[in-house]
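The values are calculated or read from the model by the stated rules, or taken from the named source; none is laboratory data. Quick caveat, the model's predicted, so the values are computed rather than measured. Every residue, glycine among them, receives a Cβ derived from its backbone with ideal geometry; neighbour counts consider all protein chains shown. SASA here: full protein model, heavy atoms, side chains in, ligands and nucleic acids out. Shrake-Rupley method; radii C 1.70, N 1.55, O 1.52, S 1.80 Å.
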Amino acid sequence: MNFDAIIGSVVVAFVAGVSTLAGLGGGGPMVSFLILLFNYSPKVSTLLVYCMILGGTLGNVANQSSTVVNGKPMIIFRYCFVSIPFMFGGSLIGVLINKYFPSAAVVVLILVTTGSSLKTIYLRFKTSYAKET
């Protein structure tokens, strides 16, 4: 291993750890670092990041399934199992939208959805903050 590979490994491990700690997948930054530091193709780096995210997720599940808060387990698996069909449905809809719409339309749709969500979050924050003060 050369110096660049060692530095790249430390950076990718740090980004993966921080993003897992924050509860995010961290795929975007890790894909970028794998492409820039290791000269992987986008396809290969994306596949590697999927494996890294899976490992981080399994570690979080193992840690949080043994954690008890207020006498209850941190993860209630019956609620998790209820959400699985919706996640698969959302993935299927996302793949179909990506296949049949141009990339610009998908980006606009994502921006509109994000803007709407941010507006809702801001309004809830504003009302909650007004109640507290």
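Hey, among T46, T127, T113, T120, which residue is at pLDDT 85 or above, open to solvent by less than 90 Å² (accessible area, probe 1.4 Å), under 16 Å from the mean Cα position of the chain (by Cα) and not aromatic (F, W, Y)? Talk me through it step by step, then tell me what you get.
On the way: T127 fails: under 16 Å from the mean Cα position of the chain (by Cα); T113 fails: under 16 Å from the mean Cα position of the chain (by Cα); T120 fails: under 16 Å from the mean Cα position of the chain (by Cα).
Unique residue meeting the criteria: T46.
Is it fair to say G56 is of a type outside the set (S, T, N, Q), in contact (Cβ under 8 Å) with a residue 40 or more places away in the chain and either more than 21 Å from V15 (Cβ to Cβ) or surrounded by 11 or more Cβ atoms within 10 Å (Cβ to Cβ) (or both)?
In short, yes.
Which of (1) under 17 Å from F14 (Cα atoms); (2) modelled with pLDDT of 85 or more; (3) among the small types (G, A, S); (4) under 15 Å from the mean Cα position of the chain (by Cα) is the odd one out, the single condition G90 does not satisfy?
G90 satisfies every listed condition except (1).
How many of the residues making up the range 1-18 are more than 14 Å from S32 (Cα to Cα) and either in contact with a Pro (Cβ under 6 Å, 6 or more places away or on another chain) or of a type in the set (G, A, S) (or both)?
The qualifying residues number 2.
So, of the residues in the range 11-27 that are open to solvent by 50 Å² or more (accessible area, probe 1.4 Å) and of a type outside the set (V, I, T), which turns out to be modelled with the highest pLDDT?
We begin by selecting, within the range 11-27, every residue open to solvent by 50 Å² or more (accessible area, probe 1.4 Å); these are 13-14, 18, 21-24.
In the following step, the residues that additionally are of a type outside the set (V, I, T) were identified as 13-14, 21-24.
Numbers: A13: 84, F14: 87, L21: 74, A22: 71, G23: 67, L24: 71.
Filtering the range 11-27 for residues that are open to solvent by 50 Å² or more (accessible area, probe 1.4 Å) and of a type outside the set (V, I, T), the one modelled with the highest pLDDT comes out as F14.
Among all residue pairs at least 6 apart or on different chains, which show Cβ distances below 6 Å where the first residue, located in the range 64-91, is part of a helix (DSSP H, G or I) and the second is surrounded by 10 or more Cβ atoms within 10 Å (Cβ to Cβ)?
Taking only residues 6 or more apart or on different chains, the pairs are Q64/M74; Q64/I75; S65/I75.
For the range 30-40, state whether one or more residues are under 13 Å from the mean Cα position of the chain (by Cα) and in contact (Cβ under 8 Å) with a residue 12 or more places away in the chain.
yes
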